[in-house]
Each structure stands twice: as structure tokens, then as C-alpha cells.
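Where a number appears in this text, it was derived from the coordinates with a stated rule and is not lab data. Note that the coordinates shown come from a computational prediction; the quantities given were computed from them, not determined experimentally. A quick note on method: Cβ atoms are made from the backbone with ideal geometry, for glycine too, and the neighbour counts reach across all protein chains shown.
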Amino acid sequence: MSNLPNCPKCNSEYTYEDGVLFICPECGHEWTTEQENEEQTVIKDSNGNVLQDGDTVTVIKDLKVKGSSTVIKQGTKVKNIRLIDGDHDIDCKIDGFGAMQLKSEFVKKI
Ligand SMILES: [Zn+2]
């Protein structure tokens, strides 16, 4: 954890980390590392299995669809998921429901 980069502006080695930011106390420069940006987000299902685009999952609990009275029943099969960024990290189409976004914590990979 102590392998902090030098400041890209003034090359100071007294940089420190603050959350996702690196901060240089000498010139006040703040930046994030490229490594951080390149790091791939790993999205896992409720069992901790890594999900990928195209996977088929099932819903593990009844999910109420926002803004409607529709409920996606536990056990509903969801084919060909697409992983996205955000609070709901799965984009998909469910037969009979249409386009939908789900949370990975409420599904499991088949
Ligand atoms: Zn600096």
C-alpha cells in the first residue's frame, strides 16, 4: 500500500492517498492513477460467482419493478445479460417483461 507514485506535476515523493485520489502536498495537484481506471469492475452474483456478458441467471427473490405493480418472481430465468455500471449492474430483457435492469446481488448464475 505504500507504493505511491510521485507527483506528475512537480515530481514530489510526498504524495498521499485520499480515497481514489492521490494528492501532492507540495503543489496541491490531485489526480487518479491510470491503473485505477483500467481496473475492470468485477460483478458477482449472490453466490460470489463472477458474471459476464451473455450469462444466464435466475432471480433469487421476488423483485418489484420500479414504477409499476409488476413483480419478477423468484426463479425467473434471465438470458443473455449485459453488465453495466451503476446501482443496478445488469441490463437484460426478461420474457414477458421487456428491458430491465437488475442488481447482481439478487441473481445467481446458472
Ligand atoms: Zn506536486
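Things worth noting here:
- Projected label distance in nm at GLN52 and TYR16, using a 7 Å step from Cα toward the beta-carbon: 4.2 nm
- Distance between the pseudo-spin-label points of LYS66 and LYS44 (7 Å out from Cα toward the beta carbon): 2.5 nm.
- The convex hull drawn around the Cα atoms of the chain, when projected onto a plane and averaged over every direction, covers 9.2 nm².
- Within the same chain, lysines fewer than 8 places from LYS108 are excluded, and of the rest, those with a Cα less than 28 Å from its Cα are LYS44, LYS61, LYS64, LYS66, LYS73, LYS77, LYS79, LYS93.
- Dipole moment magnitude, nearest 20 debye, the chain about Cα centre, only Lys, Arg, Asp, Glu C-beta charged: 1120 debye
- Here the simple spin-label model places points 7 Å from the Cα toward Cβ, and for ILE23 and GLN74 these points are separated by 4.6 nm.
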